[in-house]
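A quick write-up on the structure given underneath.
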Number of protein chains: 2
Amino acid sequence: MADILPFHQERTREPEPLWRVVLGRNLRATREEQGSRLVDIAERAGISPQYLSEIERGRKEPSSEMIAAVTGALGVELGDLLADIAGEVRRRRATGPAVGRRPAGPVLMAA
Amino acid sequence: MADILPFHQERTREPEPLWRVVLGRNLRATREEQGSRLVDIAERAGISPQYLSEIERGRKEPSSEMIAAVTGALGVELGDLLADIAGEVRRRRATGPAVGRRPAGPVLMAA
DNA sequence: GTGGTTGTCCGCCAGGAGCGGAACCACGGT
DNA sequence: ACCGTGGTTCCGCTCCTGGCGGACAACCAC
């Protein structure tokens with residue numbers, strides 16, 4: 001089979017990132033967008049600050065309930081979080097590692 | 001504070017689904033769309049069929065590497081998978097549990 | 001009954017989730 | 001130097017679950 005890769009579409013082939021890495025990256029970005037402190041979100045989520053730090057840095061695999069607790073503490077819906085992460089993953093796939101970080105945060109729900 | 005909720009936008013308030021549930025649901029839907037067998041995808045992913053069954057039914061929290069192995073076996077990119085799950089979560093949030101399942105599957109990559 | 005296919009149940013254990021205490025780092029101020 | 005703040009890392013710990021293999025279940029055809 002002929003493998004003709006459209007080079008003008010794929011500049012640099014990024015390996016697939018791991019879920020926990022992109023999740024953590026997005027959670028931190030969201031928190032920072034809100035100007036919240038790590039200890040505050042951790043407390044609101046009912047988890048230890050050490051653990052939230054590790055989640056944000058992609059060092060731990062949080063359970064689904066933990067993900068729910070942190071997104072809840074951030075006031076973010078799972079669907080919006082996933083959409084935002086998806087967008088980020090796709091963007092990095094197309095352009096490679098971001099040089100200038102684009103402000104990324106899911107849409108906040110109006111309470 | 002005045003809490004004015006636009007009722008015409010929110011018909012029924014669905015509790016947030018768990019990540020492992022929506023992930024598993026989407027993986028199974030994707031596999032079935034492709035007409036693949038569970039044992040084949042499990043083998044290709046290098047995991048046991050029993051385990052893939054449990055992942056698909058939202059019974060287990062797969063590690064990020066496992067998610068990568070399964071998406072790889074399905075020929076699906078993480079970003080596309082996440083986008084599709086996000087769309088599904090948002091759809092269910094807006095309309096409640098789906099009565100008729102809309103065909104849901106991420107876009108397959110052209111090799 | 002036989003056989004085949006596909007997927008799920010059950011028990012198991014190695015290792016990781018999640019924790020708390022303590023130390024460390026970076027930065028800013030006095 | 002000191003202090004404070006916010007975040008990170010290290011460490012040891014307990015508990016529980018990830019991922020597995022053997023067995024089972026459901027379904028179909030002959």
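The values are calculated or read from the model by the stated rules, or taken from the named source; none is laboratory data. What you see is a predicted model; the values in this text were computed from it and never measured. In this analysis, Cβ positions are derived from the backbone assuming ideal geometry, glycine residues included, and neighbour counts consider all displayed protein chains. Ligands, DNA and RNA are stripped out before the accessible areas are found, and what is left, the full protein with its side chains, is counted by its heavy atoms. Shrake-Rupley method; radii C 1.70, N 1.55, O 1.52, S 1.80 Å.
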Summed for both chains, how many Å² of accessible area, to the nearest 100, are buried between B and A with a 1.4 Å probe? 2300
Residue of chain B whose Cβ sits closest to the axis mapping B onto A, with distance in whole Å: B:82, 2
Using a 1.4 angstrom probe on protein heavy atoms only, which residues from region B:51-77 are buried by at least 20 Å² of accessible area when all chains are present rather than their own chain alone? B:61, B:64, B:65, B:77
Just the number please: accessible area per residue for region A:19-94, 1.4 Å probe, all protein chains included, in Å². 41
For region B:47-58, in order, what is each residue's ³J(HN,Hα) by Karplus, 6.51 cos²θ - 1.76 cosθ + 1.60 with θ = phi - 60°, in whole Hz (x at glycine and Pro)? 10, 6, x, 4, 5, 4, 4, 6, 4, 4, 8, x
Between residue A:58 and residues 5 or more places away or on another chain, the pairs with built amide H atoms under 5 Å apart involve A:24
Can you send over the carbon and sulfur percentage of the accessible area for region A:19-94, probe radius 1.4 Å, protein chains only? 46
Label residue A:38 and residue B:54 with points 7 Å out from Cα along Cα→Cβ: what is the distance between them in nm? 3.2
Hz values of 3J(HN,Hα) by residue in region B:38-46 - Karplus curve (6.51, -1.76, 1.60), Gly and Pro given as x: 4, 5, 5, 5, 4, 4, 5, 7, x
